[in-house]
Structures are given as structure tokens and as C-alpha cells.
Amino acid sequence: MLKFPVLEAKRNLFVQTLIKAYDITDDGLIQFLKQCTSEECDLYIHELQEALPYIFDFDFDWIDVPHEVSEDHAEGWNYFIVGAISVPSLLPYADQPTFIEFTRNIEVLTNTSCGNLIEFVYLPDSKIASSDDPVHSTFANQPGTFMIGMQDNGGLDINDTIEFLTELRDVNDSINSLVEGREL
């Protein structure tokens, strides 16, 4: 008799339900859902480090977020910086006047009804970049870098997480278009 753990079967059914409910056809997002949905059928945006390689087709490097920057943004707002990435293939475009407008068009901001927020922003165009604190401004003024931030007032639901990841997949397409010379 074939033995298949109940939790694994439940997780697989949950993932298939998500794929159908959200009409997900993107292979990267489907692979992420299969790999990162827990046996308890939870999908946490906090595990973004695991998601981005499935979502982004371009090369990127994780960059260190200075402790001071993380701490200053966490106080009182339940906001934390999930991570920051550098996209080396964008560096040739960073000095072009239309590049900032391009980055504003790919910014992702997902507000939820629970007061939660997830955002993907171009660091040199962020509020952190205009800080008087040299640690903050040095961190944020690195060309070709993006930050993922999150304000969590009690958890993000699966709908918000899927919406955010789907929008990030659109960002992937925009960045690939630019890098391949089809845009800007």
C-alpha cells in the first residue's frame, strides 16, 4: 500500500488550490509555492530570501542592511527591512535621466486591510536616501539597489502574499526588458 503523509497531501492540495484560485501560470511562482509552503499550509513573506530566486530571473546579490538602519525603522512601527538586493546589470543605466522614472514605475506597494504593508522600492529614491544620518544615506544611495520592507501588525494573509509575489514577478519582467535593451 502506498503511504503518503497526510500533512504532505494537505499541503499539495493547498498549493494546487492556490494555483487554480489565483490563475498562476508562472513556473517560478509555482515552484516557490511548492517549495516554500509549510506542511501547516502557511506561506510567510518573512521567508523572502527563499522566494526571490524563484521570482527573479536576473542575477542579484543580497546586500547587508546596517543594524542601525534596521533598528531605526523598526521602532514603534512594527516595520522591518526584510532584505535589500543589488542588481549589477542595472548599473550601466543608473546615471541615465529616465532611469529614476523607470524605477518609480516598478515600485510595489501592497497595503492590506489589517494595517499591514509590504513594499519593494528603489533605495536611492527612498526616504532613507535623503536621511541626514550618514549610515542611512550611504546604505540607501547605492545605485542599482532595492529594498523590501514590511510593516506587520499581526500577520499577512495568503492573498496579500500572493499579490505581492505576483507584482514582483511583473517587476522581474520590467527589469529583464531593460537589461535586454527593450526599454528605457
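Remarks
- Footprinting exposure proxy for Lys34, Lys20 (fewest neighbouring C-beta atoms within 10 Å first): Lys20, Lys34
- Helix axis angle, 158-179 relative to the chain longest principal axis, alpha carbon, degrees: 50
- GNM on the chain, alpha-carbon springs under 10 angstrom: the most fluctuating residue among Glu119, Glu71, Glu167 is Glu71.
- Three semi-axes of the equivalent ellipsoid, segment 6-179, Cα gyration tensor, whole Å, largest first: 29, 20, 13
Coordinate-derived values only; no laboratory data. In this text the structure is predicted, and so the values were computed from the model without any measurement. Ideal geometry is used to build each Cβ from the backbone, glycine not excepted, and the neighbour counts take in all protein chains shown.
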